[in-house]
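The values are calculated or read from the model by the stated rules, or taken from the named source; none is laboratory data. Nothing here was measured: the structure is a model prediction, and the numbers come from that model. All Cβ positions, even for glycine, are placed from backbone atoms using ideal geometry, and neighbour counts span all protein chains on display.
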Amino acid sequence: MLDTRILDELRKIVGTDQVATDRQDLICYGYDATQMEFLPDAVVHPGSTEEVAAILKLANREGIPVFPRGAGSGFTGGALPKGGGIVLVVTRLNRILRIDTENLIAEVEPGVVTEQFQLAVEKLGLFYPPDPASLKFSTLGGNVAENAGGPRCVKYGVTRDFVMGLEVVLPTGEIIRTGGETYKGVVGYDLTRLLCGSEGSLGVITKIIFKLLPLPEAKKTMLTIFDSIDGAAKAVSAIIGGKIIPTTLEFMDYATLTCVERRFSLGIPAEGRAVLLIEVDGDRDLIEKQAERIHEIIRPLGLVQFKVAKDAAESEALWRVRRLVSPSLRDVNPDKFNEDIVVPRSKVPDVIRRIEKIQQRYDIPIVNFGHAGDGNIHVNVMIDKQVEGQEEKAHEAIAEVFRAALDLSGTMSGEHGVGLAKQPYIHLELTQAQVAAMQAIKKALDPNNILNPGKMFPVEI
Amino acid sequence: MLNRKVIDLDPLKRIENELKKCVKCGACRANCPAFAAYGKEPAVARGKIALAQHLLKGDIELDGATYAAMSKCLLCGSCVEKCPNEVPTDEIVMVAREALAKERGLTTFHQAVGRVIRNRRLMNFGALAGRILGPLFFRKVPATSGLRLRFPLPFVGGKRHIPQIARKPFMDRHPEVIPGEPGKPRILFFVGCMTNFVYTEVGEAALALFRHLGCTVIIPKDQQCCGLPGMSGGDLDTVRGLAEKNLAALERYEADYVMTACATCGGALHKFYPAVIGRKHPELMERCRALAEKTVDAAVLLQKLGLNPEETGAGDELRITYHDPCHLRTRNITRQPRELLTATPGVGLAEMAGADRCCGLGGTFNVYHYDASMRINTGKTEAIVATGAQAVVTGCPGCMMQLSDGLHHAGSRVRVLHTLEILARRLRKTP
């Protein structure tokens with residue numbers, strides 16, 4: 001519980017209606033998609049950069065932890081108020097400030113929902129490609145703070161690749177700008193890139209300048225089914241080796257297929273062992289040719305089915321297979337740990353084989369799907385928390401999966417971040433010296449350790 | 001908390017397993033009209049589910065803040081439709097409201113609702129009183145042939161634009177059985193209060209259309225309110241009583257279908273009777289399920305029975321736009337009314353942006369949260385007006401009232417019509 005004096009100050013900054021302390025409100029801002037829960041002491045909804053700065057000044061002076069939050073849809077607990085403090089919700093800052101069609105940039109506030117922004121720029125013939133699965137509800141501020149990815153990243157890159165500049169409130173309350181509106185710019189350290197993926201630990205993002213692209217004329221969706229995982233994996237390398245970079249190369253393994261088919265009976269051929277959902281975009285005649293070329297390239301690789309969507313409705317029908325994965329997984333087991341390892345794309349079959357062995361060793365179902373094009377695999381460890389010992393077993397299996405990814409020159413997380421969920425494993429990937437360098441940065445910017453404390457690094461500074 | 005009294009969580013325990021399905025992913029934030037109006041997490045499905053879970057754990061109470069959160073739901077089912085784990089938040093909110101009503105007592109408004117909907121005679125009297133006393137309380141709004149309150153009444157804000165109450169309720173105008181041709185389907189017409197007392201022309205249109213197809217139409221006189229207004233307030237005892245009466249009324253006749261021309265009544269019979277009443281009273285479950293299976297929306301049934309709108313529908317040119325009522329949309333009824341309407345001579349359909357978005361009425365939501373309800377409605381009104389349509393057409397008398405209110409406030413002359421009114425236009429002109 002915060003002192004009345006501090007609550008009064010907060011109310012003075014943002015207005016009485018924008019400070020909540022009812023237990024019900026605290027509960028509603030204490031969770032995210034990790035399903036962990038912590039109760040904050042207060043929830044504050046600032047309405048401007050200046051209000052954010054005033055809150056951070058106050059918190060820094062008083063030593064109160066502050067947890068920045070967008071939609072609260074993260075998978076690693078980045079927005080969770082572990083240990084209590086103030087949850088700072090930025091969703092009132094939700095204006096698209098400008099879309100500059102001459103310079104192909106846009107400036108937005110952090111609370112804008114990703115899809116709303118995409119629709120707004122697409123109306124003007126422009127394109128913002130990053131497409132995390134949560135794009136219908138996640139916020140751009142959260143996307144930047146977590147450096148979100150998505151299926152289209154194989155061709156276009158991740159959120160970071162579109163961030164040109166930021167306005168940030170530092171933990172001490174100063175407002176700074178990083179980067180700018182020009183593609184080139186080499187004056188000073190690149191703080192913009194440092195802040196992308198900093199998980200709300202170095203500053204609160206209050207404005208973002210994004211780079212935009214011209215909207216591709218058309219896209220083409222293909223659903224391809226292979227008789228082996230190797231065939232599907234070889235297809236990925238062969239397509240890219242064939243000098244075609246698809247927008248999307250989504251992959252689903254046999255376990256995933258079985259789940260979806262059992263629940264929804266989509267008529268997936270019985271000999272199918274892996275699915276690749278492929279999408280290309282660009283000029284209409286170019287993508288026709290690319291689709292034909294892709295068919296030629298993958299035909300010898302054990303192709304069981306090749307479906308091309310003729311229009312948007314058919315494309316949506318093909319995507320349905322992918323979208324139904326999540327609801328089907330619950331049939332395997334009620335609880336899941338959703339990890340997002342990455343390996344170089346040529347090593348996808350190796351890592352899948354290793355995961356299969358881990359699955360056998362620990363006797364827990366593991367379902368794999370994800371973005372094969374950039375080697376980013378969603379590894380879903382399915383358990384029932386009610387069964388004693390399963391959760392512990394899952395954690396051991398997850399550590400094994402991480403080791404396998406690292407062993408194959410990969411990383412533990414491509415999109416979700418570290419937060420609380422991957423904190424115990426961070427030493428598997430980072431050396432002490434690396435962690436020390438990162439912590440030195442944290443300490444320099446946040447001397448009192450008030451901004452999203454207790455995240456990412458296992459040891460408190 | 002030592003002196004905490006024990007609260008009755010039985011209603012919530014019935015849905016404990018449903019509560020566990022929510023993984024707090026946040027997908028409901030994209031689709032919830034109440035969240036769009038309030039912008040804060042207790043208003044969204046995920047927040048309400050978290051609160052229900054904490055109620056069961058016993059670390060919050062059925063107090064004012066819980067009540068405030070649970071009241072911010074239109075029961076529109078948008079979150080359920082888009083939920084990756086198919087969590088039935090609408091049912092969860094109903095039982096949470098039941099628990100709240102048990103603990104805190106029904107609100108005065110919902111006590112009144114219960115008294116009225118339990119008692120057909122009272123409702124008939126209310127309609128009569130409304131007609132006679134109407135001019136005292138209301139002044140007429142000529143543009144839309146609706147009414148506007150002269151001064152605020154309890155439960156009805158001064159701003160609400162009320163449709164006119166019919167001179168004679170629909171059910172009083174017709175015998176119980178209207179025989180059709182032998183061998184043609186026998187249809188039980190579940191009329192619903194809004195059609196019976198306010199939008200009687202919807203009932204007349206339904207009757208004309210099914211008679212045109214040779215059907216026998218049966219209008220059991222002992223049918224009651226579907227109960228959804230009570231359900232939305234957590235008054236499940238009242239709803240159980242109504243459900244039992246309706247089950248009995250609709251089981252009295254052998255029939256092929258139970259037809260509704262009100263999306264809300266249809267939703268109650270088709271979905272909420274089994275999901276809420278059947279779940280609470282397992283002895284009624286089988287009958288609820290049997291009724292649910294027979295229940296079909298008028299437009300869907302007309303299409304199934306092969307209605308040709310060229311024979312029955314409007315002849316004059318009419319540019320319309322269509323609004324999807326939540327309680328049709330969540331039952332996947334979006335295509336059929338559009339197909340019938342566009343097959344009607346002279347009718348041109350211009351789709352509005354966000355036709356599938358809730359109008360903001362939400363049963364009794366608009367009574368407690370009139371301003372939020374109209375905030376939700378504003379986008380709808382703008383979308384309707386932007387199409388340039390002369391009329392907005394929909395399949396729910398509840399939506400019709402809300403859409404009229406919004407259009408009236410915006411000073412628009414766009415008319416509000418029911419799908420069946422368009423389809424039956426020629427039949428009604430030349431009896």
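Some points to look at:
- Identity of the residue in segment A:107-143, assigned to a strand (DSSP E or B) and surrounded by 24 or more Cβ atoms within 10 Å (Cβ to Cβ), that ends up farthest from the other protein chains (Cβ to nearest Cβ): A:V108
- Only one of the numbered conditions (1) without any contact (Cβ under 8 Å) to a residue 60 or more places away in the chain; (2) touching a Gly at 6+ places or on another chain (Cβ under 9 Å) is not met by B:L349, and that is (2).
- Filter result (in a helix (DSSP H, G or I), more than 22 Å from B:L228 (Cβ to Cβ) and of a type outside the set (A, V, I, L, M, F, W, C)) within segment B:372-431: B:R375, B:T378, B:G379, B:T381, B:E382, B:H408, B:H409, B:E421, B:R425, B:R426, B:R428, B:K429
- Residue check for A:D340: farther than 25 Å from A:P214 by Cα, of a type outside the set (S, T, Y), within 22 Å of the chain's Cα centre (by Cα) and modelled with pLDDT of 90 or more: yes
- Every residue from segment A:144-164 that is buried (at least 22 other Cβ atoms within 10 Å of the Cβ), assigned to a helix (DSSP H, G or I) and away from chain B (no Cβ under 14 Å): A:V144, A:A145, A:C153, A:V154, A:T159, A:F162
- The residues of segment A:344-390 that are of a type in the set (D, E) and either under 23 Å from the mean Cα position of the chain (by Cα) or exposed (fewer than 15 other Cβ atoms within 10 Å of the Cβ) (or both), listed by number, are A:D363, A:D374, A:D384, A:E388.
- Any chance B:N17 is within 11 Å of chain A (Cβ to nearest Cβ) and either under 25 Å from the mean Cα position of the chain (by Cα) or touching a residue at least 40 places away in the same chain (Cβ under 8 Å) (or both): no
- Tally, over segment B:32-45, of residues that are of a type outside the set (D, E) and within 8 Å of another protein chain (Cβ to nearest Cβ): 3
- In segment B:221-231, the condition of being at pLDDT 95 or above and not in a loop (DSSP other than H, G, I, E, B) is met by no residue.
- Count of segment A:307-322 residues, restricted to those that are part of a helix (DSSP H, G or I) and free of Cβ contacts under 8 Å to residues at least 12 places away in the same chain, is 4.
Let's see how each residue does on (1) part of a strand (DSSP E or B); (2) modelled with pLDDT of 95 or more; (3) assigned by TED's automatic domain parsing to the domain that holds A:L286; (4) more than 30 Å from A:T258 (Cα to Cα):
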position	(1), (2), (3), (4)
A:G185	no, no, no, yes
A:E199	no, yes, no, yes
A:G231	no, no, yes, no
A:K234	no, no, yes, no
A:A238	no, no, yes, no
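- Restricting the search to helices (runs of 4 or more DSSP H) fully inside segment A:1-106 and requiring at least 2 residues that are within 12 Å of another protein chain (Cβ to nearest Cβ), touching a helix residue (DSSP H, G or I) at 6+ places or on another chain (Cβ under 6 Å) and modelled with pLDDT of 95 or more gives A:23-28.
- Candidate set: segment B:98-120, residues that are under 18 Å from the mean Cα position of the chain (by Cα) and either on the phi > 0 side of the Ramachandran plot or crowded, with 20+ Cβ neighbours inside 10 Å (or both); chosen: the one nearest to the other protein chains (Cβ to nearest Cβ): B:H110
- Of all residues in segment A:292-306, those being farther than 20 Å from A:G272 by Cβ and either free of Cβ contacts under 8 Å to residues at least 24 places away in the same chain or in contact with a strand residue (DSSP E or B) (Cβ under 7 Å, 6 or more places away or on another chain) (or both) number 2.
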